[in-house]
Amino acid sequence: FLASFLSDILDRNFSLIVVFCIIISVIAVFFSHMIEKTPVKNPDKKINYLFFTQIFHSLRLASNYKHLNLALFSSAFFLYTASFTQLNLIPFGIQSLGITDIQTGYVYLAAALGLGVGSFIVSIISSDRVKLWLTIWGGYGTGFSYIFLYVFQYHLVIACILFFSIGMHGGLYVVPL
């Protein structure tokens, strides 16, 4: 959202946008030095460049714990659908909604606010322990939101509401995992 907002108010003056990004980066580096250093757990461990064997080993280790592999694959599925949605939002905004690439960034804001609301709802409902049934509601809600987005793909306001719904249900889906 911030990239679209800055491009919009600075009239695509990318030199000023770069200056803003550098200022944010310097502030982030300053605050990152305030984070406590954590001790290295195993400094003698070698890096395994055959990362597929490490992934296989981790999945086999996770299978020793009830439903952990299901949670891992479900989280990966969320990341897949979220990145697919993010990747295709700008072309969707331009082609279906008839808005510019900068205006599409404001639709990102609806999805981000939805994700925050969904995460907040999970924190309220799951105050004392994880409630995995929220993942089911999140999955169904996300799926139905995508279906309705197809039906109402040419209506900007409805599409913003549906992107909010996708984000909210995404929060319901992934946070318990």
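Given the criteria part of a loop (DSSP other than H, G, I, E, B), open to solvent by 100 Å² or more (accessible area, probe 1.4 Å) and among the aromatic types (Phe, Trp, Tyr), does Tyr80 qualify? Spelling it out, it is not the case that Tyr80 is part of a loop (DSSP other than H, G, I, E, B), open to solvent by 100 Å² or more (accessible area, probe 1.4 Å) and among the aromatic types (Phe, Trp, Tyr).
So, in region 88-141, of the ones that are among the hydrophobic types (A, V, I, L, M, F, W, C) and outside any helix (DSSP H, G or I), which residue ends up least open to solvent (accessible area, probe 1.4 Å)?
Of all residues in region 88-141, those among the hydrophobic types (A, V, I, L, M, F, W, C) come to 89-90, 92, 94, 97, 99, 102, 107, 109-113, 115, 117, 120-122, 124-125, 130, 132-134, 136-137.
After this cut, where a residue has to be outside any helix (DSSP H, G or I) as well, the list is 99, 130, 132.
Details: Ile99: 22, Val130: 94, Leu132: 101 Å².
Result: Ile99.
For region 70-80, indicate whether the set of residues that are over 24 Å from Ile166 (Cα atoms) and modelled with pLDDT under 90 is non-empty. No, the conditions are met nowhere in region 70-80.
Within region 40-53, is there a residue that is aliphatic (A, V, I, L, M), closer than 30 Å to Tyr173 by Cβ and open to solvent by 70 Å² or more (accessible area, probe 1.4 Å)? Explain how you work it out, then say what you get.
Kept after step one, since they are aliphatic (A, V, I, L, M), are these residues of region 40-53: 40, 47, 50.
Restricting the remaining residues to those that are closer than 30 Å to Tyr173 by Cβ gives none.
Checked region 40-53: no residue is aliphatic (A, V, I, L, M), closer than 30 Å to Tyr173 by Cβ and open to solvent by 70 Å² or more (accessible area, probe 1.4 Å).
For region 142-163, filtering for residues that are under 25 Å from Leu177 (Cα atoms), open to solvent by 70 Å² or more (accessible area, probe 1.4 Å) and of a type in the set (Phe, Trp, Tyr) leaves 2. Which members of region 10-27 meet the condition of being of a type in the set (Gly, Ala, Ser) and either closer than 20 Å to Gln103 by Cα or surrounded by fewer than 10 Cβ atoms within 10 Å (Cβ to Cβ) (or both)? Scanning region 10-27 gives a single hit, Ser15.
How many of the residues in region 142-158 are outside any loop (DSSP other than H, G, I, E, B) and more than 18 Å from the chain's Cα centre (by Cα)? Residues that pass the stated criteria total 9. Among residues of region 78-95 that are touching a residue at least 40 places away in the same chain (Cβ under 8 Å), those with a beta-carbon under 6 Å from a residue that is surrounded by 11 or more Cβ atoms within 10 Å (Cβ to Cβ) and of a type in the set (A, V, I, L, M) at least six positions away or on a different chain give the pairs Phe78/Val174. Taken over region 1-25, residues that are of a type in the set (Val, Ile, Thr) and under 27 Å from Gly114 (Cα atoms) amount to 3.
The values are calculated or read from the model by the stated rules, or taken from the named source; none is laboratory data. The structure displayed is predicted, hence computed values, not measured ones. Neighbour counts are summed over all protein chains in view; Cβ atoms, including those assigned to glycine, are modelled from backbone coordinates with ideal geometry. The accessibility values were calculated without ligands, DNA or RNA, using every heavy atom of the protein model including side chains. Shrake-Rupley method; radii C 1.70, N 1.55, O 1.52, S 1.80 Å.
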